[in-house]
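Structure first, commentary second.
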Amino acid sequence: MDAAELRELLTSEALRLLDALPESDSPTDAVALVSVLRKEGHSAARVAAVLTQYRLRRKARAKFGPFADRMLFTEAGLEQASRLRVAAQHAGRFARAGLTRVADLGCGVGGDALALSSLDFTVTAVERDPATAAVAGYNLAPFPNASVVNADLADVDLTDVDALWLDPARRSGARKLSRPDDWSPSLDVALDLSRRLPTGIKLAPAMDRGLIPDSHEAQWVSDGGDVVEVVLWSGALARNGIRRAALVLAADGSAHELTAEADSADEETGPLGEYLYEPDGAVIRARLIGDLARSLDARPVHPTIAYLSNDRLTPTPFAAAFRVRERWPLKKAVIARGLAERGIGTVEIKKRGVDIDPAEFRKALKPKGDASATLILTRVGAERVALLVDRV
């Protein structure tokens, strides 16, 4: 968002127009609105600014729910913003640690600052990009306990805060920054700050695990099945005896966590049983598959593939469970014949440990029929197999 678009947007006329636009999730409706608004006499600049926000608000509902309809966004800010219920988990940890004054360094559009402010923290939200800082100021305006500072991190006085939240920028425009030294702030700077004050550092879940200090707790978070982040916690925000954690936020709104002092030891592989379990991505990223296997009395079916199996169903929030109906060799002709015999025309294909394009594989099977099932393509021991399964 450039300065001209921001000035156009932050007028009472533009904001009233934005809030008055009709509810719609259709892209064609947004296109039609251009003509309608221009005929009503609105300038091209105002229409462009308002409809950009109209589009971003619809996109933001996946992260912010109904709150998105009263917020402003930038493209990059929305992309990096924490989902609201994930941000609520962050804020809860600050509250349980007894902290009261938090600086959100690199606040973006203010997602985490919103969650902290709603719990009555005194929040200083810092953002160096002027347009993004203005957007954050708008979003945080309902909270008198929150202030937004447009400044570089190095110029911010931290003497009046007792904790930090950092979400380093890992993009420059459309370019992804893969080197931690290029992040803003860099990982070294963020870790240095985390040794001075209790801190949470939000990072991409696939980050190099070799960069995680032994002194920090690393918590991977999945939301509705998507692994969205890893947070490095320090000081009073890090829990005693916990250095690895997998937090699973389920679709029904419940939260479940698996924790350990370190990466868990793997279980020995064993035969395929009646049930197959696919661990949640946060459990896999946290390398707690061994602990999960022991809790299920299950075993891996292959030493390098994250599928577990046992002969008795054990419900768990940390894995999807499947009942194995058939085991076939991974041969298209055999699988196609088996699906046809069962009248299975709708096939969900999952795969691990085999180099197969599921879409192309499904097309080659030519499934027909009214029944549906899940097909898992993987390895059991040394054998490449196709498992016909039902979700439990």
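Whole-Hz Karplus ³J(HN,Hα) for the stretch 223-240, in order, using 6.51 cos²θ - 1.76 cosθ + 1.60 and θ = phi - 60°, x for Gly and Pro?
Running phi through 6.51 cos²θ - 1.76 cosθ + 1.60 with θ = phi - 60° gives 10, x, x, 9, 7, 9, 5, 10, 10, 9, 9, 10, x, 5, 8, 8, 8, 4 Hz.
By its C-alpha gyration tensor, with a ≥ b ≥ c as the square roots of the eigenvalues, how is the stretch 79-260 shaped: rounded for a/c under 1.5, else prolate for a/b larger than b/c, else oblate?
Details: a/c = 1.31, a/b = 1.19, b/c = 1.10.
Taking the square roots of the gyration eigenvalues as a ≥ b ≥ c, the stretch 79-260 is rounded.
Lysines within cross-link reach of Lys202: Cα-Cα under 25 Å, excluding same-chain residues under 8 positions apart?
Lys59, Lys63, Lys176
Classify the stretch 275-391 as rounded, prolate or oblate, taking a ≥ b ≥ c as the square roots of the eigenvalues of its Cα gyration tensor: rounded when a/c is under 1.5, otherwise prolate if a/b is larger than b/c and oblate if not.
prolate
Quick one: work out the % antiparallel among DSSP beta bridges in the chain, nearest 5.
Counting DSSP beta bridges with both partners in the chain, the antiparallel share is about 60 percent.
Please list, ordered by chain and number, the residues whose modelled amide H lies under 5 Å from the amide H of Arg171; skip anything fewer than 5 residues away on the same chain.
Here Leu177 satisfy the definition.
According to a simple spin-label model (label point 7 Å from Cα along Cα-to-Cβ), what is the distance in nm between Glu40 and Arg327?
6.4
Which residue, Pro279, Pro317, Pro144, has the most motion in a Gaussian network model of the chain that connects Cα atoms within less than 10 Å?
Highest fluctuation of the listed residues: Pro144.
Going by Cα centres, the stretch 179-230 and the stretch 70-132 are how many Å apart?
The stretch 179-230 and the stretch 70-132 have Cα centres separated by 16 Å.
If you keep only loop residues by DSSP, which trypsin sites (Lys or Arg not before Pro) in the stretch 330-360 have at most 15 other Cβ atoms within 10 Å of their Cβ?
Details: sites: Lys331, Lys332, Arg337, Arg342, Lys350, Lys351, Arg352; in loops: Lys331, Arg342, Arg352.
Listed in order of number, the matching sites are Lys331, Arg342, Arg352.
Work out, step by step, the length gained on full extension between Leu10 and Ala255: first 0.36 nm times the residue separation, then minus their alpha carbon distance; give nm to one decimal. Each step should come with its number before you reach the end.
Values: separation 245, 0.36 × 245 = 88.20 nm, distance 3.78 nm.
The Leu10-Ala255 span can extend by a further 84.4 nm.
At a threshold of 8 angstrom on Cα-Cα distance, excluding pairs fewer than six apart, so keeping six or more, what relative contact order does the stretch 89-181 reach in percent?
In percent, rounded to a whole number, it is 32.
To the nearest Å, what is the center-to-center distance of the stretch 261-329 and the stretch 331-369, using C-alpha atoms only?
Each part reduced to its Cα centre gives a spacing of 23 Å.
Calculated from DSSP H runs of 4 or more alone, at -39500 (n - 2.57) each and per residue, what is the 222 nm mean residue ellipticity of the chain, nearest 500?
Value at 222 nm, helices only, nearest 500: -9500 deg cm²/dmol.
What translational D, rounded to a whole number of µm²/s, comes out for the chain from Stokes-Einstein when the hydrodynamic radius is the Kirkwood one over Cα pairs, at 4 °C and 1.567 mPa s?
It diffuses with D of about 55 µm²/s by this estimate.
With the chain treated as a Gaussian network of Cα nodes joined by springs under 10 Å, which of Leu78, Leu116, Leu330 yields the largest mean-square fluctuation?
Comparing Leu78, Leu116, Leu330 in a Gaussian network model of the chain, the most mobile one is Leu330.
Would you pull out the residues with amide H under 5 Å of Asp280's amide H, same chain only if 5 or more places away, H placed 1.01 Å from N?
When sequence neighbours closer than 5 places are left aside, the close amide H contacts are Ala319, Ala320.
Normalised by the number of residues in the stretch 157-300, what is the relative contact order in percent for Cα pairs under 8 Å and 6+ residues apart?
18
Which ³J(HN,Hα) values in Hz, rounded to whole numbers, follow from the phi angles of the stretch 253-267 under the Karplus curve 6.51 cos²θ - 1.76 cosθ + 1.60, where θ = phi - 60° and Gly and Pro get x?
Values, residue by residue: x, 7, 10, 9, 9, 10, 10, 7, 6, 6, 3, 7, 5, 6, 8 Hz.
Using θ = phi - 60° and the Karplus relation 6.51 cos²θ - 1.76 cosθ + 1.60, list the HN-Hα couplings for the stretch 346-359 in order, rounded to whole Hz, with x at every Gly or Pro.
10, 10, 8, 10, 10, 8, 8, x, 9, 8, 9, 8, x, 5
Which shape class applies to the stretch 105-158: rounded if a/c is under 1.5, otherwise prolate when a/b exceeds b/c and oblate if not, where a ≥ b ≥ c are the square roots of the Cα gyration tensor eigenvalues?
Oblate is the answer for the stretch 105-158, as a/c is 1.5 or above yet b/c matches or exceeds a/b.
Given H placed 1.01 Å from N in the peptide plane, which residues other than close sequence neighbours of Arg83 have an amide H under 5 Å from its amide H?
Result for Arg83 returns nothing.
Only bridges with both residues in the stretch 79-260 count here: give the DSSP antiparallel percent, nearest 5.
Details: 20 of 43 bridges.
Taking every DSSP beta bridge with both residues in the stretch 79-260, the antiparallel ones total about 45 percent.
Express the accessible area of the chain per residue in Å², computed with a 1.4 Å probe while the remaining protein chains stay in the model. Walk me through the intermediate numbers first.
Details: 18460 Å² over 392 residues.
Counting only protein heavy atoms, the per-residue value for the chain is 47 Å².
The values are calculated or read from the model by the stated rules, or taken from the named source; none is laboratory data. Computed from a predicted structure; not experimentally measured. Note that we place each Cβ from the backbone using ideal geometry, even for glycine, and neighbour counts take in every protein chain shown. Ligands, DNA and RNA are stripped out before the accessible areas are found, and what is left, the full protein with its side chains, is counted by its heavy atoms. Shrake-Rupley method; radii C 1.70, N 1.55, O 1.52, S 1.80 Å.
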